[in-house]
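All remarks here apply to the structure that follows.
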Amino acid sequence: MDKPINNRAWFLVLPVFIIVAFNAILPLMTVVNYSVQDTFGNNEFFWNGIGWFTELLDPSTDLGGRFFDSLGRNFMFSGIILAIQVPLGILVSLAMPKKGWGVAACLVIMALPLLVPWNVVGTIWQIFARGDIGLLGYIVNAMGLNYNYTQDVLSAWITIIVMDVWHWTSLIALLCYAGLKSIPDAYYQAARIDGASRWAVFRTIELPKLRRVLLIGVLLRFMDSFMIYTEPFVVTGGGPGNSTTGLSIDLVKLALGQFDLGRAAAMSIVYNLIILTTCWIFYTVMVNVDAERKS
Amino acid sequence: MARIDLADLGHAYRPNPTKPSDWALKPMTHVWEDGGAYALLGPSGCGKTTLLNIISGLVTPSQGRVLFDGKDVTDLAVEKRNIAQVFQFPVVYDTMSVADNLAFPLRNRGMDEAAVQTRVAEVADMLDLTADLTRKARGLTADMKQKISLGRGLVRANVGAILFDEPLTVIDPHMKWQLRAQLKQVQERSGVTMIYVTHDQTEALTFAKKVVVMFEGEVVQIGTPQELFEAPAHTFVGYFIGSPGMNVMPATVEGGTATIMGHKIKLSRAYKKLNAKARIEAGIRPEFISIAAKKDGIPVQVKRVEDTGRFRIARVELDGLPLSVVAPENAKIDGTTAHLSFDPARMHIYADGHLVRD
């Protein structure tokens, strides 16, 4: 078949290009612009080259130390919530009813936390976990455990992790549930005939079918938790000290609190690059898994 | 190896069946011999799969018992019965190799590894899978996957019966023949009872020694392909088996004569005791009607003649009643009228669809 070749067709792409230019490329360029300049006020800027970047990536400086500390906390937070939410989500999805009225009931209840706005989640837990008037905080303290998320680092971490698990485990569970529903009955019947144990059914039938949705689930949860801002900001404000300050909170402190635009811009760009790189790695893994499936 | 007894077996998906249409499977009693190759043949929704799932234990019947070699297994769980089932869509364990797939049922039952390997090698040899044993099961073609499913059944030395639920539906046509032939060969070599569900008469007739024809939740006939052809026990069997199917004509019968559309036709014997209220029909296969242009026999209008390659089929009308007739290659059927004569020995009388035997 002969396909007409007409390079004027590129003009059709122009509207999209213009929209992307205005909503993504131009704002990003202003950040790039700040990241290579310094100012002493009066809206006068001086060329600083890669000065901010070298400072940022050198852990011995103030800025670098602060950056790597936040980055480390971010990775730890993402690691912990993934380690909890993924297995928990799978377990929940396996325990969900497969048919009957229970399905709809479960889906609605599970979807509820996902529909609550971030700062409302923060506010809920901020109050819920308070030692004086919060139901959770009061009970835990009454049981004789020392729990105070405004002063104790461990309590603060436990609070934001439990909060995130409450907020987002449903996402993994719902994704997995959809994955499980797509397995034909014949697989389970065949497994019964083959005398497979429950664990063997999970390992040989369910888990392979869940691989794709889990990859997507892990990607979403990693990205989201790595960029988390609102909930810890509302609950702990990044404290006690800096103990629950992640990159997002740190960035806002630097950019809006200290109005240190150059440093903040450099940090934004590096932060962005880390996320893009992780995305790319996930994407590559997913594509490879697909290719392996087809071969 | 097992003989399968179905004792007063029936199943309804809703409780308390009252009318006949409430039954997915009307109560029946049958014996299926050990080592037999059976085909369950019938249109979609006639209860074939229900019956199969009852035998394998995936469905618990609402009444009656299932016996394997005289032992009641009705309440026994699927994994406790010595039964294997191959499904319409091939089921393989994607992450495992072909060999591991075949070994899976044995390992689940705690068989020792050396014995597992021996059995796997034997079965792979029987199914021509030896060369592919180390491959991953993922990405194999549908027919290979179906062979693996079959192999998982055969690998269990004590398997009583292997059930097939339309196993060739998703297989490419040119592979179907090959796989079906191989299946039959495996059945003969292993001597395992096999029950094969299908709605394709060619599949049923080539695979099975005994064909079980089902219609509306009822087994209407169990017989060899020849019996089904020569003496259909039900008008449905006559219509469903054979291409084209049997001609079924409304008739009245008095003694040794049938009257069809006002034409008197002599029968091979006299029928007595015909229920006056029953719907009486006469059935004869297109192969047993001869057609000729000469003015001798019953006059019909020839609508068209189809050439199937091996023989020709004349589609005719007897006073508006459509009939099919197999016409010999050299028969001259020209014009629009012809004359039929029926072979009385091949003409059957049916009352309410069932063959009148006495």
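To the nearest ten degrees, helix B:142-154 and the longest principal axis of the Cα atoms of chain B are 70 degrees apart. Calculated mean residue ellipticity, 222 nm, chain A: -22000 deg cm²/dmol, from DSSP H runs (n ≥ 4) at -39500 (n - 2.57) each, averaged per residue and rounded to 500. Provide the FRET efficiency to the nearest 0.05 for the B:D172-B:R135 pair, computing r from the beta carbons and using R0 = 22 Å. Once rounded, the FRET efficiency stands at 0.70. With each label modelled as a point 7 angstrom along the Cα→C-beta vector, the A:V108-B:R346 pair spans 6.7 nm. Taking both sides together, the accessible area buried where A meets B is about 1800 Å² for a 1.4 Å probe.
From the alpha carbon centroid of the stretch B:277-317 to that of the stretch B:98-174 is 48 Å. Under the simplified labelling scheme, the A:V153-B:E329 pair shows an inter-label distance of 9.7 nm, with each label point 7 Å from Cα along Cα→Cβ. Here the protein assembly as shown is treated with +1 on each Lys and Arg Cβ and -1 on each Asp and Glu Cβ, and its dipole about the Cα centre works out to around 2040 debye. Stokes-Einstein diffusion of chain A at 20 °C, 1.002 mPa s viscosity, Kirkwood radius from Cα pairs, rounded to a whole number: 94 µm²/s. Residues A:R211, B:R310, A:R263, B:R81, ordered by accessible area of protein heavy atoms at a 1.4 angstrom probe radius and largest first, appear as B:R310, A:R211, A:R263, B:R81. Within chain B, the proportion of C-alpha pairs whose separation exceeds 38 Å stands at 31%. With protein chains left intact and a 1.4 Å probe, residues in the stretch B:39-92 average 35 Å² of accessible area per residue. For the stretch B:248-355, the residue among B:I291, B:I313, B:H348 whose Cα projects farthest onto the positive side of the dipole built from Cβ charges is B:H348. Among the listed pairs A:K98/B:K71; B:K48/B:K147; B:K26/B:K71; B:K145/B:K209, a Cα-Cα separation exceeding 30 Å is found for A:K98/B:K71.
Report the residues of the stretch B:20-59 in range of a label on B:D75: point 7 Å along Cα→C-beta, backbone N strictly under 19 Å from it. Those under the cut-off are B:54-59. Taking a straight line from the alpha carbon of B:K19, these aspartates and glutamates sit under 16 Å away, with near neighbours fewer than eight places off in the same chain left out: B:E216, B:E218.
Helix B:173-190 and the longest principal axis of the C-alpha atoms of chain B enclose an angle of approximately 70°. Between B:Q182 and B:N158, what FRET efficiency follows from the Cβ-Cβ distance if R0 is 35 Å, with the result rounded to 0.05? Once the sixth-power term is evaluated, E becomes 0.95. Split the accessible area of chain B by element, probe 1.4 Å, and carbon with sulfur accounts for 51%. Listed by chain and number, the aspartates and glutamates whose alpha-carbon sits under 20 Å from that of B:K272, ignoring those within fewer than 8 places in the same chain, are B:E254, B:E281, B:D352, B:D358. Between the helical axis of B:113-126 and the dominant principal axis of chain B, each derived from Cα atoms, what acute angle in degrees is found, rounded to the nearest 10? Roughly 30 degrees, rounded to the nearest 10. Taking every DSSP helix (H) stretch of at least 4 residues in chain B, weighting each as -39,500 (n - 2.57) and dividing the sum by the residue count yields a mean residue ellipticity at 222 nm of -7000 deg cm²/dmol. Note on the protein assembly as shown: Rg/Rh from C-alpha atoms, Kirkwood Rh, equals 1.17. The Rg/Rh ratio for the stretch B:212-358 is 0.97, where Rg is the radius of gyration of the alpha carbons and Rh is the Kirkwood radius. When the surface is traced with a 1.4 Å probe over the full set of protein chains, B:T18 keeps roughly 110 Å² accessible. Placing unit charges on the Cβ atoms of the charged side chains and taking the dipole of the protein assembly as shown about its Cα centre, the candidate lying farthest along the positive direction among A:I183, B:T60, A:I80 is B:T60. Given a 1.4 Å probe and the protein chains as shown, A:L88 ends up with an accessible area of around 70 Å².
Of the solvent-accessible surface of chain A, computed with a 1.4 Å probe over protein heavy atoms with every protein chain present, carbon and sulfur atoms account for 70 percent. Remark: the stretch B:104-112, residue by residue, has Karplus-estimated 3J(HN,Hα) of 3, x, 6, 4, 4, 9, x, 6, 6 Hz, where x stands for each Gly or Pro and the curve is 6.51 cos²θ - 1.76 cosθ + 1.60 at θ = phi - 60°.
Out of the DSSP beta bridges found with both residues in the protein assembly as shown, what percent are antiparallel (nearest 5)? Antiparallel bridges make up about 75 percent of those DSSP assigns within the protein assembly as shown. Taking all protein chains together and a 1.4 Å probe, the residues A:I19, B:I349, A:I269 rank A:I19, A:I269, B:I349 from largest to smallest accessible area.
Using only side-chain charges placed at the Cβ, +1 for Lys and Arg and -1 for Asp and Glu, the dipole size of the stretch B:83-195 relative to its Cα centre rounds to 80 debye. Net charge dipole, the stretch B:248-355: roughly 280 debye, given to the nearest 20, about the Cα centre with Cβ charges of +1 for Lys and Arg and -1 for Asp and Glu. Rolled with a 1.4 Å probe across the full set of protein chains, the surface gives B:S243 an accessible area near 80 Å². Taking the DSSP beta bridges with both ends in chain B, the antiparallel portion is around 75 percent. Mean partner shielding of peptide B:85-91, defined as the number of other chain Cβ atoms within 10 Å of each residue Cβ, is 5. Give the cross-link partners of A:K209 among the aspartates and glutamates, using a straight C-alpha distance below 15 Å as the criterion and excluding same-chain residues fewer than 8 apart. Of all the aspartates and glutamates, those that pass the test against A:K209 - Cα under 15 Å, at least 8 places apart if same chain - are A:D185, A:D290, A:E292, B:D94.
The values are calculated or read from the model by the stated rules, or taken from the named source; none is laboratory data. Every value quoted in this text rests on a predicted model; they were computed, and no experiment measured them. All Cβ positions, glycine included, derive from the backbone under ideal geometry; neighbour counts span all protein chains shown. What goes into the accessible areas is simple: the full protein's heavy atoms, side chains included, and nothing from ligands, DNA or RNA. Shrake-Rupley method; radii C 1.70, N 1.55, O 1.52, S 1.80 Å.
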